[in-house]
1. Kindly provide the Kirkwood hydrodynamic radius of the chain in Å, to one decimal, from all pairs of distinct alpha carbon atoms.
2. Can you tell me the relative contact order of the range 3-195? Whole percent, Cα pairs under 8 Å, sequence separation 6 or more.
3. Multiplying the sequence separation of ALA81 and THR112 by 0.36 nm and subtracting their Cα-Cα distance, what value in nm do you get?
4. Based solely on C-alpha atoms, express the radius of gyration and the Dmax of the range 1-73 in angstrom.
5. By count of other Cβ within 10 Å, fewest leading, how are LEU55, LEU70, LEU154 ordered?
6. Could you put LEU167, LEU7 in order, starting from the residue whose Cβ has the fewest other Cβ atoms within 10 Å?
7. Once you put a point 7 Å from the Cα of THR164 and another 7 Å from the Cα of VAL61, both along the Cβ direction, what distance in nm separates them?
8. Show me the GluC sites (Glu not before Pro) within the range 1-102 that DSSP assigns to loop and that have at most 11 other Cβ atoms within 10 Å of their Cβ.
Amino acid sequence: MNRLTRLVPLSGLIFAALLVATFPGPTEPNAKANGVRVISFFAAHRTAERTGAVLFTLATVFLGFFAGYLYSRIRETESSALGVVALVGAGIAGVGLLVSASTTWVLTDAPTHYSPSGAQVINALGNDTVLPVLAGVIVFAIATGIAVVRERWLPGWLGWVLITFGLISPSPLAVFGLFGVVAWSAVVAVLGVTRSRPLQAMQAPLGSTAA
């Protein structure tokens, strides 16, 4: 394994860092905001919002690399089918992130040229693209978590934690679930780089000892 390949897991840490970097920005109008307020907001905060949209896009790129890394680990086990499911989940979440970033980009392109009703519709669309993100995160978290618990290619508790985040994501605790998955990705990214033990050793049955 060359040095560049060994650094691929860090894509999970970069993904998490890019998402966190988008939150210090101004609070966007919610889906119920009237069109005049939407136009005024995106005209006043054009640079900050465009920066956030670019960060969201880059985060999606690194999510793809990280999901590919996880898939490569899972497919070497007897739970390879779960790796495919997790990869699909990451793709669904990525589409949601890109749609959200795109609506922000549209609103900052020429906000004063939109009609209030048009700006209101685009803003509502951007706010409500949380559903594909949520669906993707649930699929990704539960499939990956089960693969970890079954195969032990990571510490088993990390699998249970990820499954829990996936299960609470469609509940009033959704924010904790989503941010939990992001934090989990950062932790696993670091483990993926710092652990040098081969996959076969990590998969050894609990309680087994070396000859």
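Laboratory data are not the source of any read-out in this text; all were calculated from the coordinates shown. Only a predicted model underlies this, so the values are computations on that prediction, with no experimental measurement involved. No Cβ is skipped: glycine too gets one built from the backbone with ideal geometry, and neighbour counts run over all protein chains shown.
1. Hydrodynamic radius (Kirkwood, Cα pairs) of the chain is 18.3 Å.
2. 28
3. Gain on extension, ALA81 to THR112, equals 6.2 nm.
4. Just the Cα atoms of the range 1-73 yield Rg and Dmax of 16.8, 56 Å.
5. Going from least to most buried by this count: LEU55, LEU154, LEU70.
6. Ascending Cβ contact count within 10 Å gives the list LEU7, LEU167.
7. Placing both labels 7 Å beyond Cα along the Cβ direction yields 3.5 nm.
8. Those satisfying the criteria are GLU78.
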